Amino acid sequence: MTLQVRKTAVLGAGVMGAQIAAHLANANVPVVLFDLTAKEGDPSGVAKRAIEHLKKLSPPPAATRDRIGYVEPANYDEHLDKLKECDLIIEAIAERMDWKLDLYKRIAPHVAPNVAIASNTSGLSIEEMGKVLPEALRSRFCGVHFFNPPRYMTLIEIIPVATTDPKLADDLESFLTTTLGKGVVRALDTPNFIANRVGVFSLLAVVHHTTSLGLSFDEADAVTGPLMGRATSATFRTMDVVGLDTMAHVVKTMKDRLPEDPWHKYYDSPAWVTSLIQQGALGQKAGAGVYRREGKEIKVFDPANQHYFLSRAKADPGVEGILKLKDPAEKFAQLRKSAHPQAQLVWSSFRDLFHYSACHLGSVADNARDLDLGVRWGFGWREGPFETWQSAGWKATADAIKADIEAGRSMVSAPLPAWVFDGRAGVHTPQGSYSAKTNTLKPRSALPVYARQYFPEPVLGEDWPQGKTVFETGAVRMWTTAAPGSDDVAVLSFKSKAGTLGSDVAEGIIEAVGRAEAGYKGLVIWQPKPPFSAGANLNGVTALTQEADFAGLEGFIARFQQMTAALKYALVPTVAAVNGTAVGGGCEIAMHCSRVVAALESHIGLVETGVGLVPGGGGLKEFAVRAARSAQPTSMNDPLMFLTGPFQAISNGRTSANALDARDMGFLRQSDVVLFNPNEVLYVAQETARGLYEAGYRSQLPPQGVKVAGRNGIATLEATLANMRDGSTISEHDYRVGKAIATGLCGGDVETGTLVNEDWLLNVERKMFVELAKTEKTQARIKNMLETGKPLRN
């Protein structure tokens, strides 16, 4: 029987448990959040306070505030019977084995026989936990390890054990991949699993070499962050983000449970970490740890004198130059040769990470791909350890590691495993990734859920079929996907930087619509990498304004409006597959397509006010049309009621926090689809287009009469602007831009309630755009954006 998750329970309302519950609610999965019975007041007060605290966290665990309403508070004394209603139970209490075992004994009589039970432990033994469950439930139990913060971190580790039903693990992987949008790796039941085991060791290695080389902590961070392909938090800031107490716990788990490990003597928190923990300086959550902010200054801890000093360290220019080399082999050769302590830190840290990963591959992961993806997704690295090693030249790097081991420069003397030297060029190949456990190459998972990902995130050596080109210009490519049976819906991708929209892209879209109408069931607009589109190419606008060719500018905007109209009124479905940012003209493209399929973490909006312009591609027109349609069933039939929110968002240049928020703001419709896994957006967009076509799709007819808010609506919105201007919240030019937006939304200078058509609305929009483009202040805003990438308020 396939696991169907209709309702869930999370046991433990701490930092992780409450946020896991919030993300389940994001995905429309109702959840009961359990915790201990409160000693006084409401018995479920502990869980209720945790739910309330979710509203204060940043980044927010809930995609929209109403999601938190789907998290139900409960306590173990009164509500265990609610577990019978739950298909998935996730335990996320503190990392105490005795507490976990007691809880499992307590809940076992109250769960349904086909339930899935999973522990979110970060490193305790799954097998040992499962033994306390009744035999009938042991097949329904495994580890499911989320990373913090659960909504935003891609990685989830599934840890099945010998007693776990393989189908349960497969069903959970499918659920976590599609419903929660996660990248899943299967980990073996070893201490700290894959990502924490390897990632924390990497942190320990950097700490060790930082001390031995006499570098300050901020100096180490200067070279072990983005320059090294790691997160901006680098090493010591990462420890602060994780929490020094949490880090110490993970390290202690390794020390306690890995007594035979060659690196065992390094599984100790340094004395200075223990000292900071005792002082309550636990890191970011406590306001102080390795780093501490004092006013506007950032200070870093000096373990030698136990004091903080002003952080000013930077990467040495020579070392920075080495780290920026494009050729990995040359980069690593120069790092090894350099006598600079920063270069030696980077090489030594990589060397020991490669050494550790090779020796432990067979005991922590099924294959090298799982290890690399696990560390990438769990720690924000650009490449996994084996990818970095392989790109630097497998044999040359292996020989260098071997030489350092023999010379006593490595952390331990354990030799590299024999498989490293068996003539291979690396561990990743097009056929699969190496498994030290089975001495074979392991291909990607064949689970059906992955058929929804035409372009999964690759590891080094993987490449996916790029499909068949229908037509291609310097600006766009129209193509069909290579998946069997998928070539009946065409795809259009932009080739411009950040998907910016010039006249060449607009012409490409118009041609693609025509070709789709002639021979396909639909057209999907999708970009291989985020963003979807950063909007209009401002260089084109600037060129026309500098020449004072405002007739040409109006013609450009008119053609852009024709392009969005072509999408809206195409004879076949058009679907915008949005992953990432879709702003300005990119938002207008999405608004005019038959449907939008958007990844959850997409930011959508009309931001033209930042450069002193109004949306010119039909965005204001669409809001006017939608407001008139929404007002019709109401007693007052007043479109202004539905324009206030869009006006505030557009005049402030505000984008959505995510795709669900974009729906609330009106940039997406209720019929548009929000997906949690960005790798599935193209597949679902094609399926959406195909479904609409098979249902006998015809585009909507242009509205015969759009009732507009007119002069009264403009005056009402303008009053808001006047108050802000008079209060010095906005400038005089902001006021002018805002009034132009109000004019476009309200249908121009006409009587309130006048019926107009779309062409009228587009003419108003176009006129507002061109009139603003003529002003010096708008031209200055555009120039500043092009030069600095930042908005100018003048």
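The values are calculated or read from the model by the stated rules, or taken from the named source; none is laboratory data. If you're wondering where the values come from, they're calculated on a predicted model, not measured in any experiment. Every residue, glycine among them, receives a Cβ derived from its backbone with ideal geometry; neighbour counts consider all protein chains shown. For the accessible areas, the whole protein counts, side chains as well, though only heavy atoms, and no ligand, DNA or RNA atoms are used. Shrake-Rupley method; radii C 1.70, N 1.55, O 1.52, S 1.80 Å.
Taking Cα pairs under 8 Å and at least six residues apart, what relative contact order does the stretch 66-197 come out at, in percent?
After rounding, I find 20 percent.
Can you list the lysines whose alpha carbon sits under 20 Å from that of Lys497, skipping same-chain ones fewer than 8 residues off?
Lys529, Lys783, Lys790
About the Cα centre of the stretch 254-404, what is the dipole size in debye to 20, counting +1 per Lys and Arg Cβ and -1 per Asp and Glu Cβ, all else neutral?
So the dipole magnitude of the stretch 254-404 works out to roughly 500 debye.
Taking the Cα centre of the stretch 463-608 as the origin and placing charges on Cβ (Lys, Arg +1; Asp, Glu -1), which of Trp464, Phe494, Asn579 is farthest toward the positive end of the dipole?
Trp464
Work out Dmax and Rg for the stretch 370-489 from the C-alpha atoms and quote the Rg first, both in angstrom.
When restricted to the Cα atoms of the stretch 370-489, Rg and Dmax are 19.1, 61 Å.
Taking amide hydrogens as modeled 1.01 Å from N in the peptide plane, which residues meet the under 5 Å criterion relative to Tyr308, leaving out close sequence neighbours?
Excluding prolines and chain starts, which carry no amide H, the hits are Asp302.
Once you charge only the Cβ atoms, +1 for Lys and Arg and -1 for Asp and Glu, what is the size of the charge dipole of the chain about its Cα centre, to the nearest 20 debye?
Computed about the Cα centre, the dipole is about 420 debye.
Kindly work out what percent of the DSSP beta bridges joining two residues of the stretch 446-575 are antiparallel, to the nearest 5. It would help to have the intermediate numbers written out before the result.
Working: 8 of 15 bridges.
In the stretch 446-575, DSSP labels about 55 percent of beta bridges as antiparallel.
Going by amide H atoms built from the backbone, whose H comes under 5 Å of the H on Val674, apart from near neighbours?
HN-HN under 5 Å from Val674: Ala598.
Could the peptides 786-794, 677-685, 379-387 be put in order, highest first, of the mean number of other beta-carbon atoms found within 10 Å of their residues?
677-685, 379-387, 786-794
Please report the spacing between the Cα centers of the stretch 255-283 and the stretch 11-39 in Å, no decimals.
Cα centroid to Cα centroid, the span is 30 Å.
Taking the dipole about the Cα centre of the chain, with the C-beta of Lys and Arg at +1 and of Asp and Glu at -1, give me whichever of Thr716, Gly705, Pro448 is farthest to the positive side.
Value: Thr716.
Just from the alpha-carbon atoms, what are the Rg and Dmax of the stretch 42-112 in angstroms?
13.9, 38
Which entries of Lys182/Lys252; Lys55/Lys285; Lys395/Lys437 have Cα-Cα distances beyond 23 Å here?
Beyond 23 Å between Cα atoms: Lys182/Lys252.
For the stretch 113-193, compute Rg over Rh where Rg is the Cα radius of gyration and Rh is the Kirkwood radius from the inverse mean 1/r over Cα pairs.
0.95
Positive end of the dipole of the chain, charges at C-beta (+1 Lys, Arg; -1 Asp, Glu), about the Cα centre: which of Val144, Ser656, Val770 has its Cα farthest in that direction?
Looking along the dipole axis, the top candidate is Val770.
What are the ³J(HN,Hα) couplings of the stretch 171-182, residue after residue, when phi is run through the Karplus curve with 6.51, -1.76, 1.60 and θ = phi - 60°? Round to Hz, x for glycine and proline.
Per residue, the Karplus-derived 3J(HN,Hα) values read 5, 5, 4, 5, 4, 5, 6, 8, 5, 9, x, 9 Hz.
Hey, any idea what % of the chain's accessible area is carbon plus sulfur with a 1.4 Å probe?
52
Calculate the length of the line joining the C-alpha centroid of the stretch 437-490 to that of the stretch 339-392, in whole Å.
Taking the Cα centre of each part, the stretch 437-490 and the stretch 339-392 sit 26 Å apart.
Residues with amide H under 5 Å of Leu88's amide H, sequence separation 5 or more or different chain, H placed in the peptide plane at 1.01 Å from N; which?
Amide H neighbours of Leu88: Lys7, Ala9, Ala116.
Over the chain, with a single point scatterer placed on each C-alpha, what log10 of the ratio I(q)/I(0) does the Debye formula yield at q = 0.09 1/Å?
-1.00
Along its three principal axes, how long is the stretch 143-300 when you only count alpha carbons? Whole Å, largest extent first please.
So the extents along the principal axes, rounded to whole Å, are 52, 39, 31.
Could you tally the net charge around Gly485, taking each other residue with its Cβ under 15 Å from the Cβ of Gly485, Lys/Arg +1 and Asp/Glu -1?
Here the charged neighbours net out to 0.
What length, rounded to one decimal in nm, is gained on full extension from Glu511 through to Glu694, with 0.36 nm per residue of separation minus their alpha-carbon distance?
63.6 nm
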